[in-house]
Structure formats: C-alpha cells, structure tokens
Amino acid sequence: MPLSPELDKNVRKSFDDFIANGTEIVDDMTRHGIHNVANSSYLSRYKALRLGTSSLIRMVLGSSERGAALQAEIAHLSDYVNSVELLVGILTALQHDYVNGYNQDLEEAILANVSRDYLLQAEALLGEGIPGQYDQVPAAVLCGAVLEDALRRLCQKQTPPIDIVKVNGDKKTLEPLIQDLQGAKVFNKLVADQLRAWAKIRNYAAHGEFCEFTREQVDLMLPGVKQFLAAHL
C-alpha cells in the first residue's frame, strides 16, 4: 500500500527543514568560533532539532532495530557542535534511504496502527456492548478484516512473494491465503486450522449467519488475532 501523497510530502519536507536548520546551526557556530551549544544562543534550536530528528526516526523506522540504535545514539549526544553535525549526517542518510525507497518501516508502522485501531474498536464493541444484542457481529467482521490484511502482508514478505490475487484478478480471500502460507511453511497445520476457524467466524458474521458462532468465540478470536500479528508481523 503506497503512502498517501500528503503524508509523503510532509515526510520529505521534514527532512529538508531539519537538515537545513542543522546545517545553518553548524555554519553559524563555526563562523563565530562557538563549540559548546549549551552556553550559546543556539541551545533551543539544537534541542528542537534533536527532538524533531527523534520524532522523524520514530515515524520512518518505527520500533525497528536500526531505529532503536539511532534513538539511543541521539539520547547520548553531547552539547557540542559535532553533535549537531552528527544529527545532520543521520538525517541526510535517512533522507537518502527514504527517497530511494530503502525503508518500508513507515508503511509498516501505518498499517500496524490501522490494524491496532480496528482491534481496539472490536474490543470496545465487546466490552461495552450488551450480550444478546449481537455486538459480537461487527467485532468479528473487524477482526476478520485485520486478519485478512495481515495475511496479505505476510504473503508479500515471503521470498519470492506469494501472489495475493487470483488468476482472474480478484483478491484472494482468507482460505486461499491461509492455504498458500501453510504450503510455504510460514506456519504449521495447527496454526492454519485456528486461522480457518477464525475465517469461518468472520464469514458467518459477514453473511448474516449470526447463530453459527457465539459471543464467547469472538471473545477468544480477538486476543488470538492479536497474538498472531505479534508473532508473524
């Protein structure tokens, strides 16, 4: 799923602005022979640059190992001009990777957040709803939608990627996605059987067969889908 043009534009502008600001701080301090940022008028700009760089790293790299390493490095920076130069170097490298499509972490983070929002909605429906009022139906549909999206992403992560569309161009549904991933040994038969059980609940909910599953089964489906996402994505 490509990033929206607006989000892509904002990310690119943030890189340009932070790099320009950091370069200007370094040039000004060098020209005036200032080495310690803490004792200068540049302190507030330096702190803003550190915070902005940290936020941008979190957005672009998420909770990846590289992101965590860079965050730790930024947290231990000193208040000298070479630290500003380091921030500019980090930003320049990240910008290069982003512009050339070397980082997919931002997209993954967005998708993860969308999935988390849907699961929270499902949890709210189950937690605040009234038993007997079929609140489990929309919760099951939301859970199933998150699971289907997760399986498609899992297919695309394989080497080589597993096709997520049929020969006729239609998107594969839960069952063929599960079958393909099981065949590629992404997970075992026990996991596949559990996924198929959740797929049935989702299909019953989506097609109005509300008596074919219970509220308790959806209560178990929600944490199960969460656990599957945590283990495989």
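The values are calculated or read from the model by the stated rules, or taken from the named source; none is laboratory data. Just so we're clear, the structure is a prediction, and the values are computed from it rather than from any experiment. For neighbour counting, all protein chains shown are included, and Cβ atoms are generated from backbone atoms with ideal geometry for every residue, glycine included. These accessible areas exclude ligands, DNA and RNA; they are computed on the full protein's heavy atoms, side chains included. Shrake-Rupley method; radii C 1.70, N 1.55, O 1.52, S 1.80 Å.
Below are the figures for this structure:
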read-out: All positions within the range 60-99 that are under 17 Å from residue 9 (Cα atoms) and surrounded by fewer than 17 Cβ atoms within 10 Å (Cβ to Cβ); value: 92, 96, 97, 99
read-out: Exclusive hit being touching a residue at least 12 places away in the same chain (Cβ under 8 Å), open to solvent by 20 Å² or more (accessible area, probe 1.4 Å) and of a type in the set (A, V, I, L, M), set 230, 184, 199; value: 184
read-out: Search result, residues across the range 210-223 that are farther than 16 Å from residue 122 by Cβ and surrounded by fewer than 13 Cβ atoms within 10 Å (Cβ to Cβ); value: 211
read-out: Criterion (more than 15 Å from residue 140 (Cβ to Cβ), basic (Lys, Arg) and in contact with a Cys (Cβ under 9 Å, 6 or more places away or on another chain)) met by exactly one of 166, 172, 189, 185; value: 172
read-out: Complete set of residues in the range 64-98 that are outside any helix (DSSP H, G or I) and in contact (Cβ under 8 Å) with a residue 12 or more places away in the chain; value: 64, 77, 79, 80
read-out: Hey, residue 127 open to solvent by 60 Å² or more (accessible area, probe 1.4 Å), more than 19 Å from residue 26 (Cβ to Cβ) and at pLDDT below 80 or not; value: yes
read-out: Any hit, the range 2-22, residues being over 28 Å from the mean Cα position of the chain (by Cα) and open to solvent by 70 Å² or more (accessible area, probe 1.4 Å); value: no
read-out: Residue within the range 43-53 that is among the polar types (S, T, N, Q), closer than 28 Å to residue 150 by Cα and under 19 Å from the mean Cα position of the chain (by Cα) present; value: no
read-out: Boolean, residue 27 is at pLDDT 85 or above, more than 17 Å from residue 96 (Cβ to Cβ) and either open to solvent by 50 Å² or more (accessible area, probe 1.4 Å) or among the small types (Gly, Ala, Ser) (or both); value: yes
